[in-house]
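This report concerns only the one structure given below.
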Amino acid sequence: MAVEQGLDAKRIQELDRQYVLHSWSVQDQISPLPVAGGDGRYFWDYDGNRYLDFASQLVNVSIGHQHPKLVAAIKEQADRLCTIGPPMANDKRWSSPG
């Protein structure tokens with residue numbers, strides 16, 4: 001569990017509230033937890049506290065944080081083509097893994 005030195009949790013929270021729109025939330029009533037990293041089923045904050053992530057599948061798939069195959073696939077695709085617009089096609093949008 002590595003926690004990078006730099007901005008502290010309070011400043012990260014302030015910047016997050018200033019620049020990030022959190023969907024499904026009343027913006028001035030949220031207090032987002034600053035997350036420093038994650039691995040598998042756990043994530044941790046900037047104070048080094050580790051949490052079991054019961055909600056990882058809420059927005060993503062339930063494969064955990066930093067799954068090596070997913071990280072490799074993202075890196076490979078980013079080297080090839082980072083993004084395209086919705087009306088465009090690409091072989092990676094429909095192809096199955098593996």
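Coordinate-derived values only; no laboratory data. Quantities reported herein were computed from a predicted structural model and do not represent experimental measurements. Cβ: placed from backbone, ideal geometry, glycine included. Neighbour counts: every protein chain shown.
Summary table
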| read-out | value |
| --- | --- |
| Taking the stretch 9-92 and dividing mean pair separation by its residue count, relative contact order in percent (alpha carbons under 8 Å, at least six apart) | 19 percent |
| Ranked list, fewest to most other Cβ atoms within 10 Å of each Cβ, for His65, His22 | His22, His65 |
| Extension gain from Ala73 to Asp91, taking 0.36 nm per residue of separation minus the Cα-Cα distance | 5.1 nm |
| Rounded FRET efficiency, nearest 0.05, which uses the C-beta distance separating Tyr51 from Gln27 and R0 of 25 Å | 0.60 |
| Ratio of the Cα radius of gyration of the stretch 9-92 to 2.2 N^0.38 Å, where N counts its residues | 1.35 |
| Eligible aspartates and glutamates near Lys92 by straight Cα distance, threshold 15 Å, same-chain separation 8 or greater | Glu76, Asp79 |
| Total charge dipole magnitude, the stretch 9-92, about the Cα centre, Cβ charges on Lys, Arg, Asp, Glu only, Debye to nearest 20 | 140 debye |
